[in-house]
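Scroll down for the structure; my scribbles are underneath it.
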Amino acid sequence: VKSIWSLAPMLIMLVLIFVPPLLTAVGIVREKESGSIYNIYASTVSRGEFLLGKLAPYVAISVVNVVVLWAIATQIFGAPFKGNPVIFLFASALFVICTTGIGLLVSLMVRTQLAATVITLILTMVPALEYSGFLMPVESLAGKGEIEAHLLPAMYYTNIVVGSFLKGGGLELLWPDILVLAVYAVCLFALGYMLFSKRPKT
């Protein structure tokens, strides 16, 4: 019944829903502002190679952050971890891929770092606080609120975090949420690939 045991794991979700997309969006938009991205536009690098090269470092950094946040939750806040660490890390990596995909889409829509920061905050942090189960259970939301919660990846990762830390859930319990995150990751990166062009409109 210790509230910190459930709050500390959910803070992992809150950090991962905001920091990876912010790093991705601001990192790519910074190159737009400086003009260095035109070197990529003029090169023989393909769209896939550019996106992979830009996003892989942010994904890798965020996966390392998952381990650090897990250690903070368990060692500093004393939250018990009862699940499978491999499954938890795999699901966390999928969630990070989803959130960096959101940052990619933001970077394709804006041209300034300030706009990228504001839009990323609106698209990630605000919905995550309201509809992920962080502040209140999803089941207690009104009809439309519950529908919106199921349309966002934050709710599914919250289920995974709570299931791994407090319920000791394995793949048999968490696979529906992991599957949804995988679909989100594929869709976000496919959309980003289609929208990215090496011949931007002037």
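The values are calculated or read from the model by the stated rules, or taken from the named source; none is laboratory data. All of these numbers come straight from a predicted model, not from anything done at the bench. Using ideal geometry, Cβ is built from the backbone for each residue, glycine included, and neighbour counts are taken over all protein chains shown. Surface accessibility is based on the protein's heavy atoms, side chains included, excluding ligands, DNA and RNA. Shrake-Rupley method; radii C 1.70, N 1.55, O 1.52, S 1.80 Å.
Among residues of the stretch 6-35 that are under 15 Å from Thr99 (Cα atoms), those with a beta-carbon under 8 Å from a residue that is basic (Lys, Arg) at least six positions away or on a different chain give the pairs Thr24/Lys54; Gly27/Lys54; Ile28/Lys54. One residue stands out in the stretch 87-105 among those that are more than 13 Å from the chain's Cα centre (by Cα) and either among the aliphatic types (A, V, I, L, M) or at pLDDT below 90 (or both): the one that is nearest to Val29 (Cα to Cα), namely Leu89. In the stretch 120-140, is there at least one residue being buried (at least 18 other Cβ atoms within 10 Å of the Cβ), under 19 Å from Ile61 (Cα atoms) and over 13 Å from the mean Cα position of the chain (by Cα)? Taking every residue of the stretch 120-140 in turn, none turns out to be buried (at least 18 other Cβ atoms within 10 Å of the Cβ), under 19 Å from Ile61 (Cα atoms) and over 13 Å from the mean Cα position of the chain (by Cα).
Sort out which residues of the stretch 176-192 are more than 17 Å from Val96 (Cα to Cα) and surrounded by 15 or more Cβ atoms within 10 Å (Cβ to Cβ), and write them in order of number. Step through it out loud before you land on a result.
Of all residues in the stretch 176-192, those more than 17 Å from Val96 (Cα to Cα) come to 176.
Within the stretch 176-192, no residue meets the criteria.
Residues that are closer than 23 Å to Ile122 by Cβ: find the helices (runs of 4 or more DSSP H) completely inside the stretch 1-98 holding 3 or more of those. Walk me through it before giving the result.
Values: elements: 3-34, 37-42, 47-71.
Those helices (runs of 4 or more DSSP H) span 3-34, 47-71.
Checked against the criterion of being among the charged types (D, E, K, R), open to solvent by 10 Å² or more (accessible area, probe 1.4 Å) and over 25 Å from Phe134 (Cβ atoms), the candidates Lys2, Lys32 yield just one match: Lys32. Tell me, please, whether a residue that is under 18 Å from Gly192 (Cα atoms), among the hydrophobic types (A, V, I, L, M, F, W, C) and open to solvent by less than 50 Å² (accessible area, probe 1.4 Å) can be found in the stretch 73-88. No - not one qualifying residue is present in the stretch 73-88.
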